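Structure record follows, encoded as structure tokens.
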Amino acid sequence: MSGRSDELVKGTSRIQYDVIVIGGGPAGLMACIAASEHHVHCALVEKGDKLGRKLGISGGGRCNVTNAKPLPELMQNIPGNSRFLYSALTRFSNADIRLFFEQLGIQLKEEDRGRVFPVSDKASTVVNALVREVVARGVEIWEEQPVERLVTEPIPIQDNATSASRSSAGQPSHRVTGVLLRSGQVLYADAVVIATGGCSVPQTGSTGDAYPWAKAVGHTVVTPYPTEVPLTSPEPFITSRQLQGLSLRSVDITIRNSKGKALTTENGDMIFTHFGLSGPAALRCSHYVSTAKNKNPSEALRAEIDCIPTLSRDELFAAFKKAKQEEPKKHVENVLTRWLPERLAAVALDQAHTAGTTQMGHLKNQSMLDLSDTLKAFSLIISGTLPLAKATVTGGGVSVKEVAPQTMASKLCEGLYFAGEVLDVHAHTGGYNITVAFSTGHLAGNSAAEFAKNRIHPVGNASP
Ligand SMILES: Cc1cc2nc3c(=O)[nH]c(=O)nc-3n(C[C@H](O)[C@H](O)[C@H](O)COP(=O)(O)OP(=O)(O)OC[C@H]3O[C@@H](n4cnc5c(N)ncnc54)[C@H](O)[C@@H]3O)c2cc1C
């Protein structure tokens with residue numbers, strides 16, 4: 001199949017589709033599948049030589065296809081504009097995603113924290129199934145064809161309307177008519193879905209290409225910033241690599257601003273690196289660090305790690321007192337290693353201004369209180385995050401204020417739809433971003449196909 005217009009616009013090389021989807025990630029692939037359910041002519045344009053490249057490395061290469069948690073919990077795991085996503089997530093839910101893959105013969109399994117993976121533990125199982133389905137549904141795939149920009153035309157102002165009245169009535173001023181490929185070729189379409197992703201891990205093809213296209217038709221683009229990304233710290237015990245590679249299980253990390261206000265507390269595993277903190281709990285904090293730094297780059301932030309969330313401060317203090325009574329000759333550093341790895345215990349003793357060789361019998365009450373505080377709130381300065389290129393997810397993107405949540409349609413450009421990470425939406429890792437990509441992709445593909453079918457075609461260019 002080569003576009004519906006080969007037979008319609010004889011003697012020209014004009015190639016016309018009903019729907020063009022730009023970007024072959026999870027959002028774009030799902031948009032194609034949903035659009036093709038309406039029996040429209042659909043093309044997928046991908047700049048890389050491989051579809052689903054980022055999906056293929058997600059979830060540690062096992063592809064975390066969705067998360068099984070109920071909708072309210074899903075929403076809680078989407079710090080970036082979850083309310084906007086409510087319609088998309090209810091119309092094509094995590095249960096629908098699971099059913100979709102199971103109907104394609106892909107067996108799924110649920111792991112800890114609701115994360116859903118293919119039984120094969122291979123991302124290629126998921127990517128190949130999606131691509132097979134797109135091909136089986138007759139979607140025409142244009143690979144290694146970067147889109148340069150959208151092709152649009154102004155919508156003539158009605159006699160009784162002004163440009164200002166139209167914009168205040170929320171009516172679009174432009175309509176999309178196709179896409180210009182970098183090769184110079186134009187592909188025409190009644191509807192275009194932009195699913196080009198964000199701009200993190202750019203080697204996967206997500207390089208923020210669509211932001212200028214969206215701006216050109218009047219959209220606001222919230223400046224992209226890194227999320228789900230490791231945190232950086234200038235503390236000497238970090239930069240000296242004293243703690244590098246040391247991991248802690250199921251700790252609470254609290255991020256505090258310069259006034260001491262807690263911006264978030266996130267639970268999970270973490271690891272000290274040579275530049276700061278990484279691991280799931282640290283990544284979950286990064287949205288709050290990035291947002292605070294976006295507001296005020298000089299904001300002084302601290303992370304406090306509750307190394308033992310299962311014990312209260314009073315219980316820890318009681319445990320120290322008991323050790324003092326029962327093991328008076330024992331060095332405090334040896335007591336501390338009951339709860340902390342040795343290297344961290346050494347830094348914690350520094351923070352509590354206590355010599356590790358102090359015998360428990362000589363430990364003052366104040367020192368035991370200080371140590372209890374340090375274990376409950378091991379503190380370090382947070383200077384920011386690693387850059388966007390290293391982030392798992394992009395925060396910011398096309399503002400959701402100018403996109404209709406029930407359809408994913410642009411409010412500014414007729415026939416234009418958005419799906420996935422190109423939008424100013426982002427979630428924690430754990431399958432939530434991929435769920436957002438599938439749900440918005442499904443909604444955008446459906447809406448674009450319905451729009452294309454209902455569009456009143458100019459004479460001689462009617463839908464076959
Ligand atoms: C290492 C890693 C691990 C991850 N793990 C998880 C996880 O466990 N759970 C989770 O929920 N999320 C995870 N994510 C995030 C998740 O993969 C993304 O949110 C998701 O892939 C976004 O889907 P998308 O379709 O919007 O964009 P993308 O997957 O980025 O796809 C966009 C596509 O558009 C194409 N494109 C871009 N510009 C153009 C152009 N000009 N012309 C044509 N095509 C273009 C790109 O080549 C790309 O194929 C992970 C991400 C990374 C990098």
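Against the main long axis of the alpha-carbon atoms of the chain, helix 365-376 sits at an angle near 20°.
Students often check this: by mean Cβ neighbours within 10 Å, which of 331-340, 59-68 ranks highest, and how do the rest follow? Mind dumping the intermediate values first?
Numbers: 331-340: 18.0, 59-68: 20.9.
Packing order, densest peptide first, comes out as 59-68, 331-340.
Couplings 3J(HN,Hα) of region 91-104, computed from phi: 6, 9, 8, 4, 5, 5, 5, 5, 4, 4, 6, 5, 5, 7 Hz, in residue order, whole Hz [Karplus 6.51 cos²θ - 1.76 cosθ + 1.60, θ = phi - 60°; x for Gly and Pro].
Here is how the number arises for the chain: DSSP H runs of 4 or more residues each give -39500 (n - 2.57), the sum is divided by the residue count, and the result at 222 nm is -9500 deg cm²/dmol. To the nearest ten degrees, helix 432-454 and the longest principal axis of the Cα atoms of the chain are 10 degrees apart. Taking region 230-385 as the region of interest, the number of lysine pairs whose Cα atoms are within less than 30 Å, with members eight or more places apart or on different chains, is 22.
Which percent, nearest 5, of DSSP beta bridges in the chain are antiparallel?
Details: 48 of 68 bridges.
Approximately 70 percent, going by the DSSP bridge assignments.
Ile141 contributes about 50 Å² of solvent-accessible surface, heavy atoms of the protein only, 1.4 Å probe. With axes computed from alpha carbons, what is the tilt in degrees of helix 313-326 against the longest principal axis of the chain, rounded to the nearest 10 within 0 to 90? The angle comes out near 30 degrees. Shape verdict for the chain, please, from the Cα gyration tensor: rounded (a/c under 1.5), prolate (a/b greater than b/c) or oblate. Cα axes put the chain in the prolate bin. When peptides 368-380, 261-273 are ranked by their average number of other Cβ atoms within 10 Å per residue, the highest-first order is 368-380, 261-273.
The values are calculated or read from the model by the stated rules, or taken from the named source; none is laboratory data. Everything numeric in this text was worked out from a predicted model, so none of it was measured. Note: ideal-geometry Cβ built from the backbone for every residue, glycine included; neighbour counts use all protein chains shown. Keep in mind that these areas ignore ligands, DNA and RNA; they rest on the heavy atoms of the full protein, side chains included. Shrake-Rupley method; radii C 1.70, N 1.55, O 1.52, S 1.80 Å.
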